[in-house]
């Protein structure tokens, strides 16, 4: 077990998400920054579906009960293992009784803690990703511990990785969305030539942007939405749906983020700037 | 079959959007469902693909692969032209109990004066109608139902509630439906259904499928309490009628 001494601001268990239930209205969920997580699981030689901890803004304090190996990734935070500073994308051996403490957030917004063979929390509809009410929990707050398998011996093929991090990027590559054609020249001009900033309303469901473009009065029938769909609301606001985003919507879907753009945006917080670029 | 002209569009690199004419129409929904049936049986494995129908659209999502749209666009049009006599998936009419007690029907009196209809007449109209499920979304298990009688069309509340209790039956514009979980919501609340619309413990977590039909029937407060307990312990049998046997 991994004992949770402090939970941090918002820490969840996530894997690659829940598939096959979107026609019943169940969001995919899963890690927000799949680029960084895949590096973490690769270093541990884990299956890509192995569950990791997604740590938002401030991190937890955790005590390992069994020996294993871990890798950190995503946002840069000052993290110590029994007072020794750790770095992202390096394999570390941890022993029973070791304490992992997260400190200051240096860069980015979501950090990941990967563990050899992943966290073994409950599978619900084929995924361990927290999403209330599909799962009972929406974060590790009030949970005493998290299960994982002991690993005494592991000789990683690669012990550290130089990752071309998503943290410094701010250009989001996008595809034209299904309702892209509704956009006027004026709207297109604003969309691709100005910078947008992330609004305070940003979470795993959606990122709203502060700057508006010309409003759009077109009404359409409710249709499917995806993680990464950029919706244009009747007031001209842009909403980027993220991993916990609803599966259908009635606002024009003007853009669709690339997978990499999703990872880049997942590392942004209120006030951070982004730009759209057509792929 | 294939009575309608469809458009096939790229929706990012993992999804394809197929659209029918822009209207709410049973015959369009019927073709979408038959097309899904055909694709699942003959072309696209359910292990790799998700099929999300809603009103006049079908979104095909392939979870991991980057799709070659230039390959799929003509293929999808060709497949659509091929469906002739596909066996329908079984469709059901679900009869769901609703207590229209004023304790649950928080807005019944308010909309009674707005619509100029007695509360009993609202209940009668609402439970007499048969509604078609045009989509499931917004929340897990939330049904978009079409078929609200004109006399019951009432605007959504000017100030949404921050928390509508799970099971509440709402009415707004041309739509009615059940809030499957506690959620913020702006629809007028007229009653409560004791049967959960979504249960992760079931292999199929939501018994309703797009294309099914729903009818509500009024029950007393005592029956509500009974059915709620029956549903919780798993002995409530939801009344269903096969539509296309």
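All of the numbers you see were taken from the coordinates with simple rules; none came from a lab. All values derive from a computational prediction rather than experimental measurement. With ideal geometry, Cβ positions are generated from the backbone for all residues, glycine too; neighbour counts draw on all protein chains shown.
Assorted remarks:
- Kirkwood Rh, Cα atoms: Rg over Rh of segment A:63-197: 1.09
- Alpha-carbon centroids, segment A:252-279 and segment A:1-56: separation in whole Å: 20
- Compared with the dominant principal axis of the Cα atoms in chain B, helix B:69-82 is inclined by about 70°.
- Distance (nanometres) between label positions extended 7 Å along Cα→Cβ at residue A:106 and residue A:233: 3.6
- Rounded to the nearest whole angstrom, the semi-axes of the ellipsoid equivalent to segment A:77-127, taken from the Cα gyration tensor as √(5λ), stand at 23, 16, 10, largest first.
- Peptides A:149-161, B:89-101, A:218-230 ranked from most to least packed by the mean count of surrounding Cβ atoms within 10 Å: A:218-230, B:89-101, A:149-161.
- Paramagnetic reach from residue B:7 (point 7 Å along Cα→Cβ, amide N under 14 Å) across segment A:239-263: A:252-254
- Cα→Cβ-extended label distance, 7 Å offset, between residue B:199 and residue A:272, nm: 4.2
- Highest to lowest packing among B:164-172, B:20-28, scored as the average C-beta count within 10 Å: B:164-172, B:20-28
- Percentage relative contact order, segment A:193-279, counting C-alpha pairs under 8 Å, at least six apart: 35
- Chain B: angle of helix B:119-128 to the longest principal axis, Cα-based, in degrees nearest 10: 30
- Normalised convex hull volume, chain A, alpha-carbon set, Å³ per residue: 120
- Based on Cα contacts under 8 Å between residues 6+ apart, segment B:9-119 shows a relative contact order of 28 percent.
- Computed from the C-beta positions of residue A:168 and residue A:84 and an R0 of 35 Å, the FRET efficiency is 0.85 to the nearest 0.05.
- With the convex hull drawn over the C-alpha atoms of segment A:17-121, the volume per residue is 102 Å³.
- Look at the stretch B:9-20: the mean tally of other chain Cβ atoms within 10 Å of its residues' Cβ atoms is 5.
- Each Cα pair under 8 Å and six or more residues apart adds its separation to the average, and for chain B the resulting relative contact order is 22 percent.
- Among beta bridges from DSSP that stay inside segment A:171-278, the antiparallel ones total about 80%.
- Separation in nanometres of the label points that stand 7 Å from Cα toward Cβ, at residue B:73 and residue A:161: 3.5
- Shielding by partners, peptide B:53-64 (average Cβ within 10 angstrom, other chains): 5
- The share of alpha-carbon pairs in segment B:116-228 lying farther apart than 26 Å comes to 14%.
- Using alpha-carbon coordinates, inclination of helix B:221-233 to the longest axis of chain B, degrees: 40
- Within segment A:48-63: backbone nitrogen closer than 16 Å to the residue A:142 label point (7 Å, Cα to C-beta): none
- If you look at the Cα atoms of the protein assembly as shown, you get an Rg and a Dmax of 24.5, 76 Å.
- Inter-centroid distance (Cα atoms) of segment A:139-168 relative to segment B:200-244, Å: 43
- Among the residues of B:128-137, the average count of other protein chain beta-carbon atoms within 10 Å of the residue beta-carbon is 3.
- Counted over the protein assembly as shown, the DSSP beta bridges are approximately 90% antiparallel.
- Using a Förster distance of 25 Å, the FRET efficiency for residue A:123-residue B:42 (Cβ separation, nearest 0.05): 0.20
- Considering only Cα atoms, the convex hull volume of chain B works out to 141 Å³ per residue.
- Rounded, prolate or oblate (a/c below 1.5 giving rounded, otherwise prolate when a/b exceeds b/c) for segment A:171-278 by Cα gyration tensor: rounded
- Förster-model FRET efficiency, 30 Å R0, residue B:237 and residue B:129, C-beta, rounded to 0.05: 0.85
- Convex hull projection area averaged over all views, segment B:7-82, Cα basis, nm²: 4.7
- Considering only beta bridges that DSSP places wholly inside segment B:92-242, some 75 percent are antiparallel.
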